[in-house]
Structures are given as structure tokens and as C-alpha cells.
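Taken together, the values in this text are just the output of simple stated rules run on the coordinates, not laboratory data. Predicted model, so just to flag it, every value in this text is computed and none were measured. Cβ: placed from backbone, ideal geometry, glycine included. Neighbour counts: every protein chain shown.
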Amino acid sequence: MLILFSAKNYRSIRDEQELNLVASPYYSGKKSDMHARENRERQLIKKSLPGLSGKSFLRSIAIYGANGSGKSNVIHAMRTMQKIVCDSSSYAPDDSLPYNPFILDENSKTQPTEFFAAFEWGGIRYEYEFSYDSKQIVEEQLCSFPKGLRRTLYTRTADAGSRSAVQDSSYLPIDKVIATMLNPNMLLLSLLYGHPGVQGFDTIKPVGDFFKNGLIVLDQMRDRWLDFPVSGEVLDGELGTDYERDLVQKMMQDSDIGITKANVVRKPAKQSSNEGNENGTDVVRKTVVLQHAGTAGAGSINLMDESLGTMQMFSLSSFIGEALENDATLVVDELDASMHPILSKQIVEMFERRELADRLAQLIFTAHQTYLMSGGTLERDQIWLTDKGPDGGTVLYPLSDYSPRKGEPIAQGYLLGRYAAVPVLPEDFGMLPSSDRGGEGNDK
């Protein structure tokens, strides 16, 4: 379960921006509307964590904002943090880190990028942070809160010569041999997690597991717009579980009354004369086809010939199943892309069903459709906004900062710019001066 994420000096994010999933105490009074209180209960995770007594956590958060305001960069920052944690143990010493700082001021171009995450996994709360540039990890720290008090498990710093200094603790002793294996561009967490037999592995395993299995950050192209997306591999049995496969089928049937089943079809792939297969087997091309039924008969349609909304639903379905089954945090950029607002609403509400009251699955997504702002689907602290500050940097803030009145039409207020985070366009948007337009009197 993700509690808080922050990033600094990453793409359009100049100053530190934080996304907080600790819920605000709305509808706690006895005079509150019963329906509103019940709806609010579904939006909350009631997880008792040492040191956070009485706090609840949000099951879903939506990030709204104008194009180019930095919504996607919040998602990219999460994915980049996850990628460095999961991959840096395999980096060669001279490999560059994915360093992409804010470029609109000279100072930021040479400063480290900073990431921070607070989360729960395996029943323990952790805080993990690191900073880096293109060549080295500058600082790294891991803390845990098993009984509510902070325990610093280790800190790591780099000197001017790119040499790493590790300060371990009695809670997590670091073998000196392991410390000598630590390259400047490698996270200590990544190194320890990649070597199950080393001292301290059991202590950091839940942290590595969270970044590997508890955080699902989708790449829009790699995971969603392929002719054979990840959900196809799940449907084919190469990945995933029976629960995920069943959910893929159920979501496709429910989202389009004409779809009766999703299948994977295998056909020999065409090969050039110089192509070979080291196993001596034929190359097979796999395709997802959706079976449709109508009053006049039935037929199959390739996924790539379906609407973009159907493709989006199919691609998301297995990841939704993975998050729900494993109590993971699913992070999606443009959840509502090409999708009907009612379908988007249903996906959000899948994470808030009563039967999941004791589970910890979460959904974080960016969106443009204001339909989700209405009807109690999202409460004020679940709606976050991005805007650009005077320096051109992204500013991320919750709608609750504006203290909207109870019953205030949030969607209408958002579109009217009451909470900022919308495009400010000139009246003559897209119109060229009359002298630049073709017409009478212009020689051809």
C-alpha cells in the first residue's frame, strides 16, 4: 500500500512535489449524511499502522490538469524510481542512470533527482529515498517503523570521488564484502535484493517485493498499445493467474454486450530466408481475437480491429486483476483514454467494492473526463491537480486545498478554472493573422 510519493528535479518537476494517500477526516460527524458516510467508507483503507494511529488511506486518486502541466511526469517519476530499484543491480559500472532533470534553469540541470516513497508491505511501514545524477547514487536511505518509531536501517552517501560510504545499523548489518561490490550507479537496496543469500536479505526483502510486485506502473506503449499486449500473455497462460484470466474474460464480456469470449489464436509467422530458430521450431505469431455474438450469428474480430476503447479495456484488465489479487498499487496514465465515462467510473469502483473492504489494492491514475468528479465517485482529497508555476515547473496539489463547499459542483468549478489546473487559451486560438491566410489578392 502506497502512503506517500514525492519527486524533485525530474522532467517538469522542479521543486519537490508530493502525492499523499492519507485520507482527510471527511464525514466523521454524526450529523453527516448517511449515504455520504457509506460512500466514504468504500473509498478508504482502514489499516492500523504503528505511528499512524487513527489514519485511513485512500483506495484511489485521480490527477487532473491541462496538457503539458506534468500529470504524466508524476507517473513517469514513479516508474523511474521503480526501474532503478529493480534494475540497478545489473548495471555495468559505466552505465548511465535515467537522469532527466528540470531544464528551465541552469542550476537544476546539474542537481540530483530525488525520489521518496512511504509504503506498507508485509505488515510493516517503510520510508525509502534516494537521489542520483547520470553517473551515481548521491544519497540513499531506508527506514522502517515496526513499532511506530523510526528505525534507520542504513544510509549511503557518495563523496566527490564517487566512492560510496555505507552506514549500516544493528537492525541491518551490511557485510563489508557486499559494500565493496556496490558500484556508484547501483542502489544498495537493489544489490541486497538481487542476492538472496547475503546477510540482511530477509530484512530488505519486503521493500524489494513492494517495488517489484506491490507497485504496478503501466507504460502506455509497452503495456497497452501493442498488437499482443500483456493481457494476451495472461490469457494465453504465459503469465498471470487463473483469477486474472477469469477477470479478463469477465471485464470484456461486461464492457461490450456483444463480446462472448476472448481467445488467443496462433498462426505461423512469415520468415525471411535468413531467419533461423535456435530450437529448430517454427515461429508462431499470437493474436488476440474477440468473439462476438449477434442476432444473425457469431464471428471473431482481431483485437487490433476493435475500437480504441475496447483495446484499452482489454489491455488494462489483467493489470487490474493483478492489483486486486495481490493488494498492489496500480498506476495508470490516462485511464479514461478512448473509454466511455461510465466504464472509467466502473473501473474506479472496482477498487472500492464492499467485498474488498479488508484488502489493500489501490488505483492512481491521470484523467481528463470530469464525469469522475461528480456523483461521489471521487472525494475532494482523491482529486489532485497539476498546474505550471511561474518558473515553468509542475505544481501538484489536492482539490481539498481549495476547501470546496459541501455540494459544490466540482466538475463545473474545475472547467471554469476555479481551482486552476486548466488551459488558459486566447480567444483567437489557432487563428493566423489575416495577412498569413490565403485568399483573394494572393498570387499562387
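Out of the trypsin sites (Lys or Arg not before Pro) in segment 41-83, which ones are loop residues according to DSSP with at most 11 other C-beta atoms within 10 Å?
Lys46
Sequence neighbours fewer than 8 away in the same chain don't count; with that in mind, list the lysines whose C-alpha is under 27 Å from Lys250.
Answer for Lys250, where 27 Å is the Cα cut-off: Lys212, Lys261, Lys267, Lys286, Lys345, listed by chain and number.
By a straight-distance test (C-alpha under 14 Å), which aspartates and glutamates pair with Lys406 as possible cross-link partners, with residues fewer than eight away in the same chain excluded?
Asp33, Glu379, Asp381
Less than 13 Å Cβ to Cβ from Lys71, Lys/Arg counted +1 and Asp/Glu -1: what total charge do the surrounding residues give?
In short, -2.
Across segment 48-53, in residue order, what do the Karplus-derived ³J(HN,Hα) couplings come to in whole Hz, using 6.51 cos²θ - 1.76 cosθ + 1.60 with θ = phi - 60° and x for Gly and Pro?
Karplus values, whole Hz, x for Gly and Pro: 7, 10, x, x, 10, 4.
Taking θ as phi - 60°, what are the ³J(HN,Hα) couplings along segment 390-396 by the Karplus curve (6.51, -1.76, 1.60), each to the nearest whole Hz, with x for Gly and Pro?
Listing the rounded values in order: x, 8, x, x, 5, 10, 10 Hz.
Which number do you get for Rg(Cα) / (2.2 N^0.38 Å) in the chain?
Relative to the rule-of-thumb radius for its length, the chain sits at 1.10.
Let me know the Rg and Dmax you get for segment 139-202 when you use only its Cα atoms, in Å.
Looking at segment 139-202, its Cα Rg and Dmax stand at 11.9, 38 Å.
Non-local amide H neighbours of Asp15 (under 5 Å, H modeled in plane, Pro and chain starts lacking H): which ones?
Placed amide hydrogens put Asn9 under 5 Å from Asp15.
Taking amide hydrogens as modeled 1.01 Å from N in the peptide plane, which residues meet the under 5 Å criterion relative to Ile364, leaving out close sequence neighbours?
Answer set, sorted by chain and number: Ile61, Leu330, Val331, Val332.
Filter the trypsin sites (Lys or Arg not before Pro) in segment 327-434 down to the DSSP loop ones having no more than 11 other Cβ atoms within 10 Å, then list what survives.
Answer in residue order: Arg405, Lys406.
By DSSP, what percent of the beta bridges with both residues in segment 309-403 are antiparallel, rounded to the nearest 5?
Of those bridges, close to 55 percent are antiparallel.
Lys71: which lysines have alpha carbons under 17 Å from its alpha carbon, excluding same-chain residues fewer than 8 sequence positions away?
Hits, sequence-local ones excluded: Lys8, Lys388.
Suppose the chain between Gln346 and Asn213 were pulled fully straight at 0.36 nm per residue; how much longer would it get relative to their current alpha carbon spacing?
45.5 nm
So, counting K/R as plus one and D/E as minus one, what does the shell of residues with Cβ under 14 Å around Gln291 add up to?
Residues close to Gln291 contribute a combined charge of -2.
Give me Thr377, Thr203 sorted ascending by neighbouring Cβ count inside 10 Å, so fewest comes first.
Thr203, Thr377
Within the chain, what percent of beta bridges assigned by DSSP are antiparallel, to the nearest 5?
Of those bridges, close to 80 percent are antiparallel.
So what is the orientation-averaged projected area of segment 39-184, using the convex hull of its C-alpha atoms, in nm²?
Convex hull of Cα atoms, orientation-averaged projection: 11.8 nm².
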